[in-house]
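*Asks:* Input: one structure, supplied below.
What follows draws every value from the coordinates through simple rules; no lab data is involved. Computed from a prediction, not measured in an experiment: that's the story for all the values here. Positions of Cβ are backbone-derived with ideal geometry, glycine not excepted, and every protein chain shown enters the neighbour counts.
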Amino acid sequence: MPEKRSASSIEDRDAKRIFAATQEAGLSRIDHLVITHYHTDHVGGLEALAAMIPIGQCYDHGTNTEEANQRWVDVYLRVCGDTRTVVSAGDQISLGGVEVDVIASNERIISTPVNGGVANPLCATAEQKAQASPENQRSVGVLFTFGRFTFLDLGDFNWAKEVELSCPVNLVGEVTVYQTSRHAAFDDAGSPTHLYAIKPQVVVVNNGPRKGLGGTSPGYDEVMTRHYQRIAASPGIEGVWQGHRSLFASGPDDNTAEELIANLEDTDACEGHWIRASVGAGGAFTMLNSRNGHSRSYTAR
């Protein structure tokens, strides 16, 4: 059995890993920080991180949440209370040469398409599912645009919110890199109506060894399906990179190629290797696996 760790030790562990990534990137401070929502795996290590590196402007969906999540709101406010901005769907965040569109916030989504979004023919046969956790629905979702390169991160959007965003019009268009929602627990996320409309060239699966890909979402009882296979079938997909090999479904048919997986451990005590995207102004970008130094280069369509 994996060794049990206290919540504080996990928060410090994760903060140290984020700090190490900032140092590898040559950063002396984090100028802009988006907190998608107030769940422990998205904000739990913030206080420890703030003790390691200065944090500038913070962005959030507001402080409304369920009582069970109030602890994490309090953590966030202790760090960002004087430097926070509540963002709404349709807002933009200025990062110099990078445009950041707020696609969703506090359960609302944009009403006008961005990034060339058009009517989505897949909506005619869209499978509908019930909404999930209210706090997941409140996730701040953002689309980063740097020339031809686009990166979409929707936090913990669930299946119903994905369909809402994609029907009858795919409001975010086609994207270059997509980080999976719900950590790729694609029983209650990863709607094909959404995934196959945004047509990502590269997918980054932000799963854990026993979180997300291949497993079920918390409180969701659907029988496990072939989550990786759904991603791999996305039209025009050129690469799938994973944070961890899934221990829910560890075989080659349910995970990407081994050289594209950052952590392979057969226990929950992973080493925390990272995946990096380096993007050029002309649309060329390179993905790098820090575990083995393996890289692949792509060109944004």
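*Asks:* What order do you get for T65, T193 when you list them from fewest to most C-beta neighbours inside 10 Å? Show your work: numbers first, answer last.
*Replies:* Numbers: T65 17, T193 22.
Going from least to most buried by this count: T65, T193.
*Asks:* Specify the inter-centroid distance of region 172-194 and region 247-301, based on alpha-carbon positions, in whole Å.
*Replies:* Rounded to whole Å, the Cα centres lie 17 Å apart.
*Asks:* Give me the base-10 log of I(q)/I(0) for region 1-86 at each q in 0.13, 0.19 Å⁻¹, Debye formula, one uniform scatterer per Cα, rounded to two decimals.
*Replies:* With no solvent term, the Cα-only Debye profile gives -0.42, -0.86.
*Asks:* Right, something else. At 20 °C and a viscosity of 1.002 mPa s, what translational diffusion coefficient does Stokes-Einstein give for the chain, taking Rh as the Kirkwood radius over Cα pairs? Give it in µm²/s as a whole number.
*Replies:* 109
*Asks:* Additional query: Per the chain: cysteines with no other Cys C-beta under 4.7 angstrom?
*Replies:* Lacking a cysteine Cβ partner under 4.7 Å: C270.
*Asks:* Along the charge dipole of the chain, which of L165, Y59, H32 sits closest to the positive end, that is, farthest toward it, with unit charges on the beta carbon of Lys, Arg, Asp and Glu (+1, +1, -1, -1)?
*Replies:* So the residue furthest toward the plus end is H32.
*Asks:* Let me ask another. Once the Cα atoms of region 92-188 are picked out, what are the Rg and Dmax in Å?
*Replies:* Radius of gyration, then largest Cα-Cα span, for region 92-188: 13.1, 40 Å.
*Asks:* Could you tell me what percent of the DSSP beta bridges with both partners in the chain are antiparallel, to the nearest 5?
*Replies:* Beta bridges within the chain, antiparallel portion: roughly 60 percent.
*Asks:* Okay, moving on. As a footprinting exposure proxy, order I261, I55, I275 by other Cβ within 10 Å, with the fewest listed first.
*Replies:* With the fewest neighbours first, I261, I55, I275 line up as I55, I275, I261.
*Asks:* In debye, nearest 20: dipole of the chain around its Cα centre with unit charges on the Cβ of K, R (+) and D, E (-)?
*Replies:* Roughly 540 debye, rounded to the nearest 20.
*Asks:* Another question, if that's okay. Would you list T145, T22, T267 from fewest to most Cβ contacts within 10 Å?
*Replies:* By the 10 Å Cβ count, ascending: T267, T22, T145.
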